[in-house]
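**Student:** I'd like to ask some things about the structure below.
The values are calculated or read from the model by the stated rules, or taken from the named source; none is laboratory data. Computed from a predicted model, the values in this text were never measured in an experiment. We place every Cβ from the backbone using ideal geometry, glycine too, and count neighbours over all the protein chains shown.
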Amino acid sequence: MTGRLSGHRALVTGGARGIGRAIALTLAREGASVGISYLTSSVAARKVAAGIRSAGVGASAIRADVTREADVKRLVAAARERLGRLDILHNNVGASLALGDASATELTEEAYDRSLAVNLKATWLTCKHALPALRERNGSIVNIASMAARNAYPLVGYKTTKAAVVALTENLAAHNAQYGVRANSILPGLMNTPMAIESRVAAGTPREDVIASRDRRVPLGRHPHRNAHRRPPRHGPRHRRGVERGGGGGSRPLPAAGRLRCAARPACRRPRRQPRRIAAAERRARGALATRESRARRGEPGRSPPA
């Protein structure tokens, strides 16, 4: 690791399992002190905290229900107190089938309310209460969304709330750039995390069948989760805001991001691109002029224009 986050302080929600665990450990290996939140996985959270400390940085595991504002206020305050400050907020809390998610005709109102609370409200609440600290440090927000927001995902609650996380991130990026705060979303693909696997196993599908069915949907035929721990989150460069990074490895700057870069650096505005035919004609004219000048220097007669 490069140690590029040496001296930074990070708060990772849902850091006891899955992507959150991998992110927390990677941040620690890059030199950041890390606080993680958990709700029920206390043993797993303590193990992650021990792994963070083994990297030679500070660690703290804080229990909090991030769907409740009082808990979130206490979580952010405790993280700032134990870590000293806050430079990075990484939101990982999310669920689908475990919340009762289903198709539009089968989804209940109660299950949809749970999806909104866990997948969207929790992300908004942590951003809301962490932003004052992040503005002091020109900090960074990374929100985990999902490729379900872009693909034909069958479950309404997860798809709509993760699409809303992307929109929330755009809003945060646009309206906090003036404070030097960057906000980006990551859209993971088919990663075999506990959230994706265990709920389906609990519903009665054999674990091997769950994993095999997901692997068949990966075009490259590889298991993305195997190398997940090797890919640290990008908290730079400094101008990157409002970018969603998909699980397929591509990134698409959102409209707000382009406007923010130009607003921050007016000198980098590009002139409007000319139509191709005009540009081609100009290139031909410049080439012909260069040829005539070269011939004149050599004393060669130029080509007579047509009558």
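**Student:** Since R135 meets every condition but one in (1) under 20 Å from the mean Cα position of the chain (by Cα); (2) over 30 Å from G7 (Cβ atoms); (3) surrounded by fewer than 18 Cβ atoms within 10 Å (Cβ to Cβ), which condition does it not meet?
**Tutor:** Exception for R135: condition (2).
**Student:** Please verify whether region 190-203 includes one or more residues that are within 13 Å of the chain's Cα centre (by Cα) and assigned to a helix (DSSP H, G or I).
**Tutor:** No: region 190-203 contains no residue that is within 13 Å of the chain's Cα centre (by Cα) and assigned to a helix (DSSP H, G or I).
**Student:** Could we say that T169 is at pLDDT 75 or above, touching a Leu at 6+ places or on another chain (Cβ under 7 Å) and within 22 Å of Y112 (Cα to Cα) here?
**Tutor:** no
**Student:** For residues that are in a loop (DSSP other than H, G, I, E, B) and over 18 Å from the mean Cα position of the chain (by Cα), tally how many sit in region 87-124.
**Tutor:** 10
**Student:** Follow-up. Kindly indicate the residue of region 1-16 that is in contact (Cβ under 8 Å) with a residue 40 or more places away in the chain and surrounded by fewer than 19 Cβ atoms within 10 Å (Cβ to Cβ) and also nearest to T123 (Cα to Cα) among those meeting that condition.
**Tutor:** In this case the residue turns out to be R4.
**Student:** What's the number of the condition G56 fails, among (1) over 20 Å from the mean Cα position of the chain (by Cα); (2) crowded, with 18+ Cβ neighbours inside 10 Å?
**Tutor:** (2)
**Student:** For the condition in a helix (DSSP H, G or I), hydrophobic (A, V, I, L, M, F, W, C), without any contact (Cβ under 8 Å) to a residue 40 or more places away in the chain and at negative phi, what is the one hit in A174, A167, A152?
**Tutor:** The match here is A167.
**Student:** Let me ask something else about it. Taking the criterion of being in a helix (DSSP H, G or I), crowded, with 17+ Cβ neighbours inside 10 Å and touching a helix residue (DSSP H, G or I) at 6+ places or on another chain (Cβ under 7 Å), would at least one residue in region 33-43 satisfy it?
**Tutor:** no
**Student:** Please give the number of the condition R63 fails out of (1) in contact (Cβ under 8 Å) with a residue 24 or more places away in the chain; (2) buried (at least 22 other Cβ atoms within 10 Å of the Cβ).
**Tutor:** For R63, the exception is condition (2).
**Student:** Among the residues of region 101-119, what is the count of those that are touching a residue at least 24 places away in the same chain (Cβ under 8 Å), surrounded by fewer than 22 Cβ atoms within 10 Å (Cβ to Cβ) and over 19 Å from R63 (Cα atoms)?
**Tutor:** Of the residues in that region, 8 qualify.
**Student:** Just the residues that are in a loop (DSSP other than H, G, I, E, B) and on the phi > 0 side of the Ramachandran plot, please, taken from region 2-22.
**Tutor:** G3, G7, G14
**Student:** Considering only residues that are assigned to a strand (DSSP E or B) and basic (K, R), which ones fall in region 52-81?
**Tutor:** Residue satisfying the conditions is R63 alone.
**Student:** OK, next. For the condition modelled with pLDDT under 80, within 21 Å of A163 (Cα to Cα) and surrounded by 14 or more Cβ atoms within 10 Å (Cβ to Cβ), what is the one hit in R200, R182, R240?
**Tutor:** Answer to the check: R240.
**Student:** Could you figure out which of (1) surrounded by 17 or more Cβ atoms within 10 Å (Cβ to Cβ); (2) in a helix (DSSP H, G or I); (3) without any contact (Cβ under 8 Å) to a residue 40 or more places away in the chain isn't true of L25?
**Tutor:** Tallying (1) surrounded by 17 or more Cβ atoms within 10 Å (Cβ to Cβ); (2) in a helix (DSSP H, G or I); (3) without any contact (Cβ under 8 Å) to a residue 40 or more places away in the chain, L25 fails exactly one: (3).
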